[in-house]
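Q: Just dropping this structure here.
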Amino acid sequence: MTFFYHLFKAAIATCMLLGSTAVAMGYDFESDGIYYQINDDRQTISVTHDGVDYGLNWSTCYHDTVTIPSQVIHGDKTYRVTAISKGAFAKCLYTKRVNLPSTIQEIGDSAFYFCCRMTSINLPEGITAINDFTFDHCYAITGLRLPNTLMAIGKNAFYAGCADTTLVIPNSVTSIGQEAFACCGNLRDINFGDGIKNIGNTAFRSCSGLTQLNLPRSLESIGDGAFMNCTRLTSIEIPEGVTHIGSGAFQACENLTRMTVAAGNTALDAREGCNAIIETATGTLVAGCIATVIPQSVTALGDGAFLECVGLSHIDIPPTVTRIGNDTFNSCYHLQSITLPSALESIGSSAFAGCEQLVSLDIPDAVNTIGDYAFFDCPWLCHVSLGRSLKLIGSHCFDGCDLATVTSNASIPPVMADSTSFERYGIFSHATLRVPAPQVTVYRSTDYWNRFPQVIAWGDINDDDQADINDVTMLIDSILTGSAVDPRIADITNDDNVDINDVTTLIDYLLGY
């Protein structure tokens, strides 16, 4: 689900850019087949486009090898060439090589966007930034050398735009933007400079050739999904200066089995050899993998901590955990069972969405909120038990689940965001709703709860609209004698058996435990 979402988003962005970069830019003069704009200082010029609006078609502005001079004489004046304008070479399908002069100081956004046959370009010293989308979809570039004056690499700067296996990022670079090197599948090794402080969201997404990362000591922040879908990555050490790791930073890194934190990091740790990254001050686990063992000292599972951890089939959550964040186990397709701790108070949006193997679920009594889409598209989930303290169920919470029974233990019906909370692809759930005997009438008259086709009282064995000691006696008799009882009412633990555990649970309920 997450992969196709990003694929769809990239396709939409590509279509938008294909249109936007083709807007006629105009030029002041042409010399030797190259188009120029005179800059505001009237002393320098920028290489630009021929001004033709190619729409969604490929540009025919520049062909083959383009060598840009350091200066151009026009009329009676000599101009220095100092910049490549925004979109100057965008969609130039037939451009193969570009030679830039040492006088170039700036390259504009989308300057070489979708030059997908360009195999080489030199980047002169003096350039301080590679701007947004500059080499986006320049699939064929090899021999890329970033200048030592470079300070920032912008959004989508080299998205699917580098065919090299090794990338050297100079010490001068301090930030790497969103999707900067995403989908550079040939990359095997990245030599990060010692000046990098921030790696942006999804900066190295789907760099599937990466097997290891040596992050610099200067690094302070790793963005959301920064290394998502780096499927060959097996280990990661977080440097001592990192204070922030975004949601799903290592999402879908299916072979990641070792996670450590450098000694001296006061913000994050990997205590007890847990193969996870934990926020030291709060005890929140912010990033995990298939080899994670959650320590007993962890108090929360952060947003996207196990997002799309497809190899995870089971994990033990310690009793100390009180919060499960947004997307924490989203798209853990092979997660077969989960036991939620009794101290748990909240379950975030999409926390277990797409967990296709889950069959049954017990929400602990301490949980008061379940977020939007929390269990969306869990098609095998057929039995759900909701705890006594539940107050709010988000929209589309159980949408896409083929529920057979829903057991609500709350005396006051929890508020549903809307009818989608228990819909299945637009149709309200056909599940049987089981509620405490005294609350049957209340549930039947409460918005959205009254849409369940059947509302029955669990524990009301003798069918007198209340659960009391007489029902306990009748349940015991039925177990001892084998007499028939309605399992939807008598199977209080919802484990498909009527046995002594149901008796114990009913007694605990009557005693208020």
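Just so it is clear, none of the values below were taken in a lab; they were calculated from the coordinates. Everything numeric here is computed off the predicted structure, so don't read it as measured data. Cβ atoms come from the backbone with ideal geometry, glycine included; neighbour counts cover every protein chain shown.
Q: For a quick check: with amide H placed at 1.01 Å from N, whose amide H comes under 5 Å from Val367's, ignoring anything fewer than 5 positions away on the same chain?
A: Those lying under 5 Å, H to H, from Val367 are Ser389.
Q: Moving on to the next point. Kindly provide the pair-distance distribution of the range 466-513 built from C-alpha pairs, with 10 Å bins from 0 and whole-percent values in order of increasing distance.
A: 29, 62, 9
Q: Let me ask you something else. Measure nothing fancy, just the Cα-based angle from helix 2-20's long axis to the longest principal axis of the chain, in degrees from 0 to 90, nearest 10.
A: Orientation of helix 2-20: about 30 degrees from the principal axis.
Q: Here is a follow-up. How big is the convex hull of the Cα atoms of the range 20-166, per residue, in Å³?
A: Values: hull volume 14.5 nm³, N = 147.
That works out to 99 Å³ per residue.
Q: On to the next question. Which peptide among 246-254, 258-266, 91-99 comes first, and what is the full order, when sorted by highest mean count of other Cβ atoms within 10 Å? Walk me through the numbers on the way to the answer.
A: Numbers: 246-254: 24.9, 258-266: 14.9, 91-99: 18.9.
With the highest mean Cβ count within 10 Å placed first, the list reads 246-254, 91-99, 258-266.
Q: Ok, one more. Return P(r) of the range 223-364 (all Cα-Cα pairs; 10 Å bins starting at 0; whole %; ordered from short to long distances).
A: 13, 48, 33, 6, 0
Q: In what sequence do His63, His49 fall when counting other Cβ within 10 Å, fewest first?
A: Working: His63 12, His49 28.
Fewest to most other Cβ atoms nearby, the residues stand as His63, His49.
Q: What residues qualify as long-range amide H neighbours of Ile317, i.e. H under 5 Å apart, gap of 5 or more or another chain, H built at 1.01 Å from N?
A: Here Thr339 satisfy the definition.
Q: Moving on to the next point. Among Val47, Val310, Val52, Val66, what is the fewest-to-most ranking by other Cβ atoms within 10 Å?
A: Numbers: Val47 27, Val310 17, Val52 13, Val66 20.
The most exposed by this proxy come first: Val52, Val310, Val66, Val47.
Q: Per residue and in Å³, how big is the convex hull formed by the alpha-carbon atoms of the range 139-296?
A: 84
Q: ³J(HN,Hα) across the range 385-392 via Karplus (A = 6.51, B = -1.76, C = 1.60, θ = phi - 60°), whole Hz, x for Gly/Pro?
A: 10, 9, x, 6, 8, 4, 10, 9
Q: Separate question: Which number do you get for Rg(Cα) / (2.2 N^0.38 Å) in the chain?
A: Numbers: Rg = 30.0 Å, N = 513, 2.2 N^0.38 = 23.6 Å.
Normalised Rg, Cα atoms only: 1.27.
Q: Can you tell me what the convex hull of the Cα atoms of the range 207-266 projects to on average, as an area in nm²?
A: Values: hull surface 14.6 nm².
Projected over every direction and averaged, the Cα hull of the range 207-266 covers 3.7 nm².
Q: Please sort 112-125, 334-347 by packing, taking for each peptide the average over its residues of neighbouring beta carbons within 10 angstrom, highest first. Can you show the working numbers first?
A: Numbers: 112-125: 19.9, 334-347: 17.1.
Top of the packing list down: 112-125, 334-347.
Q: Also: Using the Kirkwood radius over Cα pairs, work out the Stokes-Einstein diffusion coefficient for the range 394-513 at 4 °C and 1.567 mPa s, in µm²/s as a whole number.
A: Details: Rh = 14.9 Å.
Translational diffusion coefficient: 87 µm²/s.
Q: How far is helix 469-481 tilted, in degrees, relative to the longest principal axis of the Cα atoms in the chain, given as a value from 0 to 90 rounded to the nearest 10?
A: In the chain, helix 469-481 runs at an angle near 90 degrees to the longest axis.
Q: Per residue of the chain, what 222 nm ellipticity follows from adding -39500 (n - 2.57) for every DSSP H run with n ≥ 4, rounded to the nearest 500?
A: Numbers: 5 runs with 53 residues, N = 513.
Theoretical 222 nm ellipticity from helices: -3000 deg cm²/dmol.
Q: Considering the Cα trace of the range 232-294, what is its radius of gyration and what is Dmax, both in angstroms?
A: Taking only Cα atoms of the range 232-294, I get Rg and Dmax of 10.6, 31 Å.
Q: Considering amide H positions built from the backbone, and no H for Pro or chain starts, which residues 5 or more places from Gly246, or on another chain, come under 5 Å of its amide H?
A: Answer set, sorted by chain and number: Ile222, Gly223, Asp224.
Q: To continue, here is another question. Ranked highest first by average number of other Cβ atoms within 10 Å, how do 431-438, 324-331, 447-454 line up?
A: Numbers: 431-438: 21.4, 324-331: 26.4, 447-454: 15.2.
Going from most to least packed, we get 324-331, 431-438, 447-454.
Q: Specify the angular offset, from 0 to 90 degrees and rounded to the nearest 10, of the alpha carbon long axis of helix 500-511 from the longest principal axis of the alpha carbons in the chain.
A: 90
Q: Under 8 Å for C-alpha pairs, at least 6 residues apart: give me the relative contact order for the range 466-513, rounded to a whole percent.
A: About 36 percent, as a whole number.
Q: Residue by residue through the range 240-257, which ³J(HN,Hα) values in whole Hz follow from phi under the Karplus form 6.51 cos²θ - 1.76 cosθ + 1.60 (θ = phi - 60°), with glycine and proline marked x?
A: 5, x, 6, 10, 9, 10, x, 4, x, 4, 10, 4, 6, 7, 5, 9, 6, 10
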